[in-house]
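Take a look at the structure below.
The values are calculated or read from the model by the stated rules, or taken from the named source; none is laboratory data. These figures come from a predicted structure and were not determined experimentally. Cβ placement follows ideal geometry from the backbone for every residue including glycine, while neighbour counts extend to all protein chains displayed. Ligands, DNA and RNA are stripped out before the accessible areas are found, and what is left, the full protein with its side chains, is counted by its heavy atoms. Shrake-Rupley method; radii C 1.70, N 1.55, O 1.52, S 1.80 Å.
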Amino acid sequence: MPKSERKILLDFEKPLAELENRINQIRELAKDCSSVDVSEQISQLEAKATQLRQEIFNGLSPVQRLQLARHPRRPSTLDYIQAICDEWIELHGDRGGSDDPAIVGGLARIDGKPMIIIGHQKGRDTKDNVARNFGMASAGGYRKAMRLMEHGNSFGMPILTFIDTPGAWPGIEAEKLGQGEAIAYNLRAMFHLDVPIICTVIGEGGSGGALGIGVGDRLLMLEHSVYTVASPEACAAILWKDAGKASQAADALKITSWDLKNIGIIDHVIPEPNGGAHANPLQAAENLKKAIVSNIEELTKISSQERRKQRYQKFRSIGVFLET
């Protein structure tokens, strides 16, 4: 991140930022007065900052994790691609007349192995977000994704998808272009692909917009990402006619990675650096790459027929419950 970019603080990060600013101020004062030894004081404050950071990020509520998942500086699909890939060639178009910028995809190599990577892409600022439609893909975006998946399937290349969207584009034009059909087609088609598929929620996984590229052999989540059938704001507006109850809805929806791991929706939680992925993007990318490589190695040992069978059973078991 360029030094000129202003640091964006979430409310729960402010006490930590104040402490870090105090440490920096003492360091600057020490430079002007070299005769005073403040090393012990700085060491104590740094230890306190480390402890405070752990306490804050280990005790986040679901709605606070949602804030982290939506953080403007959180690494995006293209950020991770740049960090984990040896080579990357972006491919464009759905061969039907559109090239949705809210979904990016192409050919890549990770540790020398060819793969197809597809993911939602949000913007960094208002102008970029408008151009990317805030990561909300249209029908053409999901058709582009499917075209690339079928290409990868034809050449035996594993497929990686990175999920980061508040949902599919809800505009009238999207419905005219067959938004629901495009997502439904992807859901059906992804079950039949022969190659390994790993889907990773890297930020916000919202509703059908996430599911459109979310059917795979493994579903991974970065620690502070969220995955939900509807945003907490939308859920609160539907249930209580009050979007202000989003925090209550977030608790009920079980949107966090560990909640979803405990109820069997996802397979693996990828740890994030202390402070979130935006605090140390390179470390976050390294953790993501390790998880992907490990899962690819496991999946390639299984026959395509067995993978398809396990993929089907995985999703059939979601939502199963017992009455007592």
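Let me have the 222 nm mean residue ellipticity of the chain computed from DSSP H runs of 4+ only, each contributing -39500 (n - 2.57), with the sum over all residues rounded to the nearest 500. Taking each H run of at least 4 residues, the total per residue is -14500 deg cm²/dmol. Projecting the Cα positions of I202, G180, I238 onto the charge dipole of segment 150-266 (unit charges on Cβ atoms of Lys, Arg, Asp and Glu, taken about the Cα centre) puts I238 furthest along the positive direction. Across H192, H92, the residue with the most accessible area heads the list, and the full order at a 1.4 Å probe is H192, H92. With all protein chains kept in place, the per residue accessible area of the chain amounts to 51 square angstrom at a probe of 1.4 angstrom. Residues V226, V293, sorted by accessible area with the largest first, give V293, V226 [1.4 Å probe; ligands and nucleic acids excluded]. Where a ≥ b ≥ c are the square roots of the eigenvalues of the C-alpha gyration tensor, would you call segment 253-324 rounded, which needs a/c under 1.5, or, failing that, prolate if a/b is larger than b/c, or oblate? The shape class here is oblate.
Answer rounded, prolate or oblate for segment 191-316, using the Cα gyration tensor with square roots of eigenvalues a ≥ b ≥ c: rounded when a/c is under 1.5, else prolate when a/b is larger than b/c, else oblate. Oblate, because a/c is 1.5 or more while a/b does not exceed b/c.
Tell me the net charge near H92. Cut-off is 12 Å between Cβ atoms, H92 excluded, with +1 for each Lys or Arg and -1 for each Asp or Glu. After counting each charged neighbour, the total is -1.
Once you reduce segment 71-97 and segment 183-218 to the center of their Cα atoms, the two points are 16 Å from each other. Checking the a/c ratio against 1.5 first, then a/b against b/c, what shape does the Cα gyration tensor give for segment 145-227? Since a/c reaches 1.5 but b/c is at least a/b, the shape of segment 145-227 is classed as oblate. For the listed residue pairs K144/K261; K261/K309; K122/K254; K14/K261; K122/K309; K14/K122, the alpha carbons are over 28 angstrom apart in K144/K261; K14/K261; K122/K309.
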